[in-house]
1. Checking R367 against (1) at pLDDT 95 or above; (2) touching a His at 6+ places or on another chain (Cβ under 8 Å): exactly one of these is not met. Which one?
2. Before we move on, is G57 under 23 Å from G213 (Cα atoms) and either out of contact with any strand residue (DSSP E or B) (no Cβ under 8 Å at 6 or more places or on another chain) or in contact (Cβ under 8 Å) with a residue 24 or more places away in the chain (or both)?
3. Just checking, how many residues over segment 84-100 are within 20 Å of P322 (Cβ to Cβ) and either in contact (Cβ under 8 Å) with a residue 40 or more places away in the chain or away from the ligand (no atom under 12 Å from the Cβ) (or both)?
4. Working only within segment 124-152, note down all residues that are within 16 Å of the ligand (Cβ to nearest atom) and not in a helix (DSSP H, G or I).
5. Being closer than 15 Å to K133 by Cα and within 16 Å of the ligand (Cβ to nearest atom), is that true of even one residue in segment 54-71?
6. Find the residue count for segment 261-306, including only residues that are under 15 Å from A347 (Cβ atoms), surrounded by fewer than 18 Cβ atoms within 10 Å (Cβ to Cβ), modelled with pLDDT of 95 or more and under 22 Å from the mean Cα position of the chain (by Cα).
7. What about G81, is it surrounded by fewer than 14 Cβ atoms within 10 Å (Cβ to Cβ) and either within 20 Å of F187 (Cα to Cα) or more than 14 Å from the ligand (Cβ to nearest atom) (or both)?
Amino acid sequence: MSEHASTAAVPLLDLQGQYAPLRDDILAAITRVCDSQRFIMGAEITSLESELAAMLGVRHTVAVSSGTDALLLALMALGIGPGDEVITTTYSFFATAGAIVRLGGRPVLVDIDPTTFNIDTAAVARAITPKTKAILPVHLFGLCADMAPILSAAERAGIPVVEDAAQAIGSSYHGRPAGGMGAFGCFSFFPSKNLGAFGDAGLVTTNDDALAGKARLLRVHGMEPKYYHHLVGANFRMDALQAAVLRVKAPHLAAWTEARRVNAARYVRLFRERGLSSVIGLPSEPQGLHHIFNQFVIRVPDRDRLKAHLDRERVGAEIYYPVPFHQQPCFADLRYRTGDFPHAERAAAETLALPIYSELTLDQQQRVVDVIASFLAERGSDVAPDWTAV
Ligand SMILES: *Cc1c(COP(=O)(O)O)cnc(C)c1O
């Protein structure tokens with residue numbers, strides 16, 4: 001290495017470290033699929049489904065083509081269509097709202113809780129109307145939304161809950177697994193998620209036998225048997241190659257998650273040791289919840305200048321997400337305005353995700369914290385923000 005470790009680049013995510021020790025097993029699994037020449041459905045898919053059902057603590061899993069398609073499939077199985085309202089957060093990855101709109105539904109957006117970044121449950125209850133057909137909370141960054149009030153509001157209204165658990169595989173809420181609380185859970189195996197495939201893949205979970213059957217049917221154009229179509233579905237199948245890769249990786253997920261949690265605790269300690277824990281808003285883990293830290297997201301003053309500073313110092317960081325749904329150009333016809341959801345707008349302006357992947361070293365974390373500390377020292381602490389007031 002030509003550089004001293006303390007000034008080396010720190011990537012936001014480095015998948016090589018995870019791949020290297022599994023390389024032989026993964027290549028063997030890929031070879032197994034190639035040698036079988038069975039690329040569509042088959043044993044890799046059914047084996048992955050039963051292995052993941054056991055691992056996640058759900059009755060049924062349906063392997064699909066992406067997290068986006070998992071959301072679309074779940075909403076289709078629940079019959080969401082033109083004119084239906086689906087309540088969701090304004091602060092998430094685009095697919096959450098996109099899936100509703102693609103079915104002709106209307107996303108009824110609500111603000112977030114400023115400490116967890118998850119959907120504001122009081123606002124959810126207020127948003128329910130006779131047209132509401134589902135509630136779609138997101139377990140953002142790996143922390144479950146506050147599901148108890150959401151589930152009871154849904155039960156009172158007689159409508160289903162769909163969990164967008166794309167970022168939350170293995171997380172839990174008072175002992176209940178992400179994806180096992182609503183009518184459906186939707187997961188993504190996008191490579192940057194905690195359990196990443198070698199391309200696009202996703203999963204739908206449910207504890208309801210009838211809904212599982214409907215989701216399976218919709219996954220294959222509503223076809224059963226061949227060329228007899230009961231429902232208009234789509235091609236939502238996961239490739240057998242992706243399933244084979246995921247079957248090698250899945251048994252390691254718990255250890256990877258634990259490493260992320262250790263890294264998160266280490267950041268908190270490092271920021272505290274430098275006296276920065278009041279200047280920087282650190283992630284919280286409410287009592288009874290198990291955070292899996294798909295992202296480690298902080299609030300910082302002068303976020304955009306800090307991001308530029310980190311870029312210059314070659315420290316990976318990312319803004320999730322700079323524009324809430326209600327301010328997206330493609331949703332202009334929903335007629336929301338800037339100012340409608342102040343907590344989400346503040347989060348969009350103040351948050352920054354830091355490297356948190358399992359293989360991150362203490363040296364690398366020290367470097368991340370050093371670079372942030374030097375920026376804050378140069379900037380001065382004239383306007384120390386009061387995060388407790390958000
Ligand atoms: C990643 C993600 C999705 C979409 O998953 P893809 O596999 O990329 O289609 C949906 N919702 C959230 C919250 C996500 O983070």
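1. R367 satisfies all of (1) at pLDDT 95 or above; (2) touching a His at 6+ places or on another chain (Cβ under 8 Å) except (2).
2. It is true that G57 is under 23 Å from G213 (Cα atoms) and either out of contact with any strand residue (DSSP E or B) (no Cβ under 8 Å at 6 or more places or on another chain) or in contact (Cβ under 8 Å) with a residue 24 or more places away in the chain (or both).
3. Final tally of qualifying residues: 10.
4. A134, I135, L136, P137, V138, H139, L143, C144, A145
5. The answer is yes; a qualifying residue exists.
6. Of the residues in segment 261-306, 1 are under 15 Å from A347 (Cβ atoms), surrounded by fewer than 18 Cβ atoms within 10 Å (Cβ to Cβ), modelled with pLDDT of 95 or more and under 22 Å from the mean Cα position of the chain (by Cα).
7. The answer is yes for G81.
Yes/no matrix, rows are residues, columns are (1) crowded, with 23+ Cβ neighbours inside 10 Å; (2) small (G, A, S); (3) not assigned by TED's automatic domain parsing to the domain that holds G281:
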| site | (1), (2), (3) |
| --- | --- |
| L103 | no, no, yes |
| P114 | no, no, yes |
| T121 | no, no, yes |
| R126 | no, no, yes |
| F141 | yes, no, yes |
| E163 | yes, no, yes |
| A178 | yes, yes, yes |
| G182 | yes, yes, yes |
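The values are calculated or read from the model by the stated rules, or taken from the named source; none is laboratory data. This structure is a prediction, so every number in the text was calculated from the model and none was measured. Cβ coordinates were reconstructed from backbone atoms using ideal geometry, including for glycine residues, and neighbour counts include every protein chain displayed.
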